[in-house]
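Participant: Got a structure for you, questions after.
The values are calculated or read from the model by the stated rules, or taken from the named source; none is laboratory data. Treat the numbers as computed from the prediction; the structure is a model and nothing was measured. Methodologically, a virtual Cβ is constructed for each residue, glycine included, from the backbone with ideal geometry; neighbour enumeration extends over all protein chains shown.
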Amino acid sequence: MSESTIGRRFEGQVALVTGSSRGIGLGIAKRLQVEGATVVLTARKPEPLAETVAEFPDGTVIGIAGKADDSAHRAEVFDTIAEKFGRLDVLVTNVGINPVYGDTIDIELDAARKILEVNVLGTLAWIQGAVHHEGLKFRENKGRILSISSVAGQNPSKGIGLYGVSKAAVAHLVKTLAVELGPDIRVNGIAPAVVKTRFATALYEGREAEVTAAYPAGRLGTPEDIGAAAAYLTSSDSDWITAQILTADGGLITAGGTA
């Protein structure tokens, strides 16, 4: 879809997308910006984040570097948004890690704690910060929250079991918070299968044709696919949709596959 055929559903709105210097986060940020939002990007490393910010039209995005699970970083992000824009309309929690690959029964517990800390508690912390920061007026603006889960949280996936556990928790967190925060704030999620990003490279590199064969859609996902879905779920077009996890998998799960 070309930019000329995309609407401006986010004109005058401010969106925050965590983990957005590349991959799915960047795909979402680009779609929201094209549709009119001013977008705040976060990422751990300052240099790649600055390079990403430079890809956007001047004045349409800002970048704030820091670790997603660092409370001081989160406070800086929210305070900066409040000072510069005085509002937040859309929060996308995209940060997720998977530092290990192998059987869950053998995972080091310190690694398991880190996965849960970043993927689950980090997601909750970002949402808490947005909702409770008075300067963001998130509730008054009928804020929309989108959290990235995974099909690995729906069906067990070999080698990434604890990651799947964390993403199942994210999906349940979405539903729980949607019930608690409605009717003022909507909360939804997206559960992608394999999307062609650096993060997912190990799942398809060197065997993409073999992996793709399990997908009825005939291809793997792209960051643009997830960006389009995210724009729908955070726009007024989905005002009657909350507490939902959209499975974006090219038909993989229905066909009996796993990520």
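Participant: Is it the case that region 145-164 has a residue that's out of contact with any strand residue (DSSP E or B) (no Cβ under 6 Å at 6 or more places or on another chain) and free of Cβ contacts under 8 Å to residues at least 12 places away in the same chain?
Facilitator: no
Participant: Could you tell me which residue of region 204-227 is nearest to Ile253 (Cα to Cα), considering only residues that are of a type in the set (A, V, I, L, M) and within 19 Å of the chain's Cα centre (by Cα)?
Facilitator: Leu220
Participant: Something else: Hey, among the residues in region 228-246 that are buried (at least 20 other Cβ atoms within 10 Å of the Cβ) and among the hydroxyl-bearing types (Ser, Thr, Tyr), which one's nearest to the chain's Cα centre (by Cα)?
Facilitator: By that ranking, first place goes to Thr234.
Participant: Can you name the residue in region 189-208 that is among the hydrophobic types (A, V, I, L, M, F, W, C) and assigned to a loop (DSSP other than H, G, I, E, B) and is also nearest to Arg22 (Cα to Cα) among such residues?
Facilitator: Out of the qualifying residues, it is Phe199.
Participant: Moving to a separate point now. Specify which of the listed residues (Val195, Val187) is more than 16 Å from Val151 (Cα to Cα), of a type outside the set (Asp, Glu), crowded, with 22+ Cβ neighbours inside 10 Å and within 16 Å of the chain's Cα centre (by Cα).
Facilitator: Just one listed residue meets the conditions, Val187.
Participant: Pick out the one residue from Ala43, Ala37, Ala65 that is at pLDDT 95 or above, in contact with a helix residue (DSSP H, G or I) (Cβ under 6 Å, 6 or more places away or on another chain), crowded, with 20+ Cβ neighbours inside 10 Å and of a type in the set (Gly, Ala, Ser).
Facilitator: Testing whether each residue is at pLDDT 95 or above, in contact with a helix residue (DSSP H, G or I) (Cβ under 6 Å, 6 or more places away or on another chain), crowded, with 20+ Cβ neighbours inside 10 Å and of a type in the set (Gly, Ala, Ser) leaves just Ala43.
Participant: Take the conditions in contact (Cβ under 8 Å) with a residue 60 or more places away in the chain, over 28 Å from Ile253 (Cβ atoms) and over 16 Å from the mean Cα position of the chain (by Cα) and apply them to Ile81. Does it pass?
Facilitator: Here the answer is yes, as Ile81 does meet what is asked.
Participant: Closer than 28 Å to Gln128 by Cα, hydrophobic (A, V, I, L, M, F, W, C) and part of a helix (DSSP H, G or I): is that true of Leu177 in this structure?
Facilitator: So Leu177 passes the test.
Participant: I'm trying to understand the selection: among the residues of region 18-34, which are farther than 17 Å from Ile6 by Cα, among the charged types (D, E, K, R) and buried (at least 24 other Cβ atoms within 10 Å of the Cβ)?
Facilitator: Residues satisfying the conditions do not exist here.
Participant: Out of the residues in region 96-137 that are closer than 20 Å to Leu181 by Cβ, among the β-branched types (Val, Ile, Thr) and under 15 Å from the mean Cα position of the chain (by Cα), which is surrounded by the most Cβ atoms within 10 Å (Cβ to Cβ)?
Facilitator: Thr123
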